[in-house]
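The values are calculated or read from the model by the stated rules, or taken from the named source; none is laboratory data. Predicted, not measured: the structure shown is a model, and the values here were computed from it. Here the Cβ positions follow ideal geometry from the backbone for every residue, glycine too, while neighbour counts run over all protein chains shown. Heavy atoms of the whole protein, side chains included, go into the accessibility calculation; ligands, DNA and RNA do not. Shrake-Rupley method; radii C 1.70, N 1.55, O 1.52, S 1.80 Å.
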Amino acid sequence: MSTTNGQWYPPEWPERIRLLSAGELTPVTPRRAATVLLLRDGPDGTDGQDTPQDAQDARNGDGEHSPDELDAPERFDTVPEPAEAPEGPETSPEGLRNGAGAADGLAVYMLRRRASMAFAGGAYAYPGGSVDPRDERMVTWAGPSRAQWARRLGLDPSEATQAQAIVCAAVRETFEEAGVLLAGPTPHTVVADTTGDDWEADRAALVARDLSFAEFLDRRGLVLRSDLLGCWARWITPEFEPRRYDTWFFVAALPRGQRTRNASTEADRTVWIRPGDAADGYDRGELLMMPPTIATLRQLAAHGSVADVLAAAADRDLTPVLAQARVENGELVLSWPGHDEFTKHIPGATGGPSA
């Protein structure tokens, strides 16, 4: 692991790279996955997680929902109560949350994976997870067609069903891990509230895989709002890592009236934070992150609002980013194409190069 910043770097990687280079390691086929960069403009509509007291608790090491590093990046100083939202609010991808002033800045929702997790324990990430085969089951759908999504995701047009599964996984995992649901009773609305015992029972059933996402939507008469998602990036876990994922990163705005909460058993902290502040914490070595996480944070930091991010998503290059390893001057060089900041030089390498 890096000692100068927060880059997640498993100590077993050099040996696994050498085994792969020597032809002694067979790459695992990556599982398809989706993750969502949930966004809002400023501190309005907060879920009650990020308060001045939370920030103080975090510094004292007992914060419930904020990064608990001693000098973690500052969050918002004040947290007004969210405005009441009407039932089934009219919602468009251009402006889900426009209530805050631009000076408050764009914020992204992040969670910290428990240190006990086998993969990227202790790292900050976004809600997300693997595609469930049942995500291919037909659902009531709003937004671009499944074939259009297949083209956007870089799949063959014949893979429309698989494209639906990836989009469904993004929406499902966001509900499972953050309690936020990008669906509504009509193609032009979203649910205004996902709290309550009945919602929690359904969420728990989805997590346990006792209930498919299609069954959940059908039972509640909901339409999946694929138009509220924009696809931002695609990263594939390196070939030498045994837990591999082919992951699409989506962006979406927090629907008006809904509140995030730490609903994931895999996370011990959650926070709404400005992308630039999170990146600063990574640069200081205080916030641990995988390369895709910090890369997307730096990209978000260049935008001033949710609307800007959603508009930019349409033109994003979704060429998969896959790490490469090569031997150069007696060193093993690990790099991510297009992302020079993650390059690692490992002395004493042996064996041939790998891609």
Radius 13 Å from Cβ of ARG243, net charge of other residues (Lys, Arg +1; Asp, Glu -1): 0
Calculate the all-directions average of the projected area of the stretch 142-257's alpha-carbon convex hull, and give it in nm². 7.9 nm²
Compute, for MET290, the solvent-accessible surface of its heavy atoms (probe 1.4 Å) with the complete set of protein chains present, and express it in square angstrom to the nearest 10. 30 Å²
In what sequence, highest mean first, do 326-336, 226-236 appear when ranked by Cβ atoms within 10 angstrom? 226-236, 326-336
Please list, in chain and number order, the residues 5+ apart from GLY285 or on another chain whose amide H is under 5 Å from its amide H, with Hs placed from the backbone. GLY6
Quick check on the stretch 208-304: what are the equivalent-ellipsoid semi-axes from the Cα gyration tensor, as sqrt(5λ), descending, whole Å? 27, 19, 16
What whole number of Å gives the distance from the Cα centroid of the stretch 162-198 to the Cα centroid of the stretch 225-240? 17 Å
Largest-first ranking of GLU241, GLU341 by accessible area, probe 1.4 Å, whole protein assembly kept, is GLU341, GLU241
